[in-house]
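Below you'll find the structure, written out as C-alpha cells, and then a few comments.
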Amino acid sequence: MNENEYQYVRINDGEKQNIVQCGDVLFTLSSETPEEVGVGSVYLGIDEVFLNSFCFGFHIDNKELAYPPYFSYYVSSTPFRKFIYPFAQGSTRFNLCKADFEKASIKLPSLNNQKHIYAILNSITEKIETEKNLLEYYTTQKQYLLRQMFI
C-alpha cells in the first residue's frame, strides 16, 4: 500500500473508527469477482490512518511469529490467493466471509526465513522498478531523437 494514495475523511463526534497501525494486514471485503475478494495489503507507513468499511484488518501482536514486510508479499502470492478463494461467497457481488476467514490458519516459515524471503523479493522489486524507470527514460530519449531526425 502506497501511503501517499489514501484519502482524507471526516470523522464525526461519537463516530468510532479503527486506526491502522504499521504492520497491520488489510483485506478487501467484497468485489465483483471472486478472484478479487480478499485482496491483501500491509500498511508499513507511520501516519495515522483509519480503516474504511470496505476493508478489514488484522494486527500482528506477536512480532516473533510474523514479519509484516514479508506479509506484504505473501498476501499477494498465488498460494495465498488460492487459500482465500474459498472464502468468497456470492453470485453477482462476492463477499469475504470474515468469520470463516478469521478461524482459518496458515503456515508460515520461521521468522528468519520470512526476513530472508522478504529481502530477496524486495531486491527483485527494486530491480524491476529500476528497469521500468530506465525503460521510461530510454523511451523518452528515443522519441526525442526521432523528432530531431526529422527536423
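The values are calculated or read from the model by the stated rules, or taken from the named source; none is laboratory data. Predicted model, so just to flag it, every value in this text is computed and none were measured. Cβ atoms come from the backbone with ideal geometry, glycine included; neighbour counts cover every protein chain shown. When the accessible area is computed, the model is the full protein with side chains, heavy atoms only, and any ligands, DNA or RNA have been set aside. Shrake-Rupley method; radii C 1.70, N 1.55, O 1.52, S 1.80 Å.
Things to note:
- Peptides ranked, highest mean first, by Cβ atoms within 10 Å: ranges 20-30, 65-75: 65-75, 20-30
- Rg/Rh for segment 58-135 (Cα atoms only, Rh after Kirkwood) is 1.07.
- Accessible area of the chain belonging to carbon and sulfur atoms, whole % at 1.4 Å probe: 54 percent
- Short to long, the 10 Å bins of the Cα pair-distance histogram for the chain hold 10, 29, 30, 17, 9, 4, 1 percent of all pairs.
- Peptide packing for 33-40, 76-83, 89-96 was compared via the average number of neighbouring C-beta atoms within 10 Å per residue; ordered from the highest value, the list is 33-40, 89-96, 76-83.
- Farthest towards the positive end of the charge dipole of the chain, among the residues ALA104, LEU146, TYR118, is the Cα of LEU146, using unit charges on the Cβ of Lys, Arg, Asp and Glu.
- Nearest-ten-degree value, helix 111-149 long axis tilted from longest Cα axis of the chain: 30 degrees
- In the chain, Cα pairs under 8 Å separated by at least six residues give a relative contact order of 21 percent.
- Label-point separation in nm, ILE19 to ILE124, each point 7 Å along Cα→Cβ: 3.6 nm
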